[in-house]
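To start, the structure under review is shown below, and the notes come after it.
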Amino acid sequence: MNPILKEFPHTFDTERLTIRSPLLGDGHIVRNAALESQEELKQWLPWAVDIPDEEEYEVNIRKGNVRWLLREDLWMMIFLKGTNTLIGGSGLHRIDWNVPKFEIGYWVHTAYAGKGYITEAVEAITAFAFEILNAERVEIRCDERNIRSAAIPKRLGFVHEGTVRNDARHHLTNALRNTMLFSKVRGEIEGGDREWRYR
């Protein structure tokens, strides 16, 4: 089946969060969160080094919306449930529908770090990938020095498959860096009492 014909929800809730695709008009919300967290984010994320203006951010949101509809990339925004408060971003990227497999990326607004929100979101997005998108494999990659980021897949039972050495150069220092690779495959996803509300 052509991926564009796949039907699946664009939003779902966890206990404390609403996770959804980007919608038209979201540009200023995401830009403000990125600006407020820029100092912490830019060390790990190249896109956070130079924050574009509001118009360009809205262009990015609309492209993200189109890519979602084309099933090319599933950018997800994370809100406090029942509010318009953006606390971070995530999504399913580097999609290979032939497997299918996905890579989860994530970031958190500085004001909401350390509260377990991203772990909660990644757990739900992982479940979404396996239960709704029929994933066979889900990956998480991070710089080996990013201890807080690496703690999330470890906490959720992802397998550390290895560390790819001298995998890339750091976007600020140009120093060689290593990338940790974590994965979960079908059969390793745990059942449980949680119910994700897909819409």
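Restricting GLU54, GLU36, GLU58 to those that are within 20 Å of ALA111 (Cα to Cα) and of a type outside the set (Lys, Arg) reduces the list to GLU36. Only residues that are out of contact with any Asp or Glu (no Cβ under 8 Å at 6 or more places or on another chain) and closer than 28 Å to MET1 by Cα were counted across the range 61-96, and they come to 15.
If you go through the range 85-144 and pick out every residue that is surrounded by fewer than 22 Cβ atoms within 10 Å (Cβ to Cβ), in a helix (DSSP H, G or I), out of contact with any helix residue (DSSP H, G or I) (no Cβ under 7 Å at 6 or more places or on another chain) and not hydrophobic (A, V, I, L, M, F, W, C), you end up with 5.
Touching a Phe, Trp or Tyr at 6+ places or on another chain (Cβ under 8 Å), at positive phi and of a type in the set (Lys, Arg) - does that describe any residue in the range 133-140?
No; the residues of the range 133-140 include none that is touching a Phe, Trp or Tyr at 6+ places or on another chain (Cβ under 8 Å), at positive phi and of a type in the set (Lys, Arg).
From the list GLU39, GLU72, GLU103, GLU58, the one residue that fits, being modelled with pLDDT under 95 and either under 18 Å from the mean Cα position of the chain (by Cα) or farther than 28 Å from SER183 by Cα (or both), is GLU39. In the range 23-55, of all residues being assigned to a loop (DSSP other than H, G, I, E, B) and not hydrophobic (A, V, I, L, M, F, W, C), the one that is surrounded by the fewest Cβ atoms within 10 Å (Cβ to Cβ) corresponds to ASP50. Scanning the range 56-74 for residues that are touching a helix residue (DSSP H, G or I) at 6+ places or on another chain (Cβ under 7 Å), surrounded by fewer than 21 Cβ atoms within 10 Å (Cβ to Cβ) and within 23 Å of GLU131 (Cβ to Cβ) yields a count of 3. Can you say whether MET77 is free of Cβ contacts under 8 Å to residues at least 60 places away in the same chain and surrounded by fewer than 16 Cβ atoms within 10 Å (Cβ to Cβ), as far as the supplied structure shows? In short, no.
The values are calculated or read from the model by the stated rules, or taken from the named source; none is laboratory data. Everything numeric in this text was worked out from a predicted model, so none of it was measured. Glycine also receives a Cβ, built like all others from the backbone with ideal geometry; neighbour counts cover every protein chain displayed.
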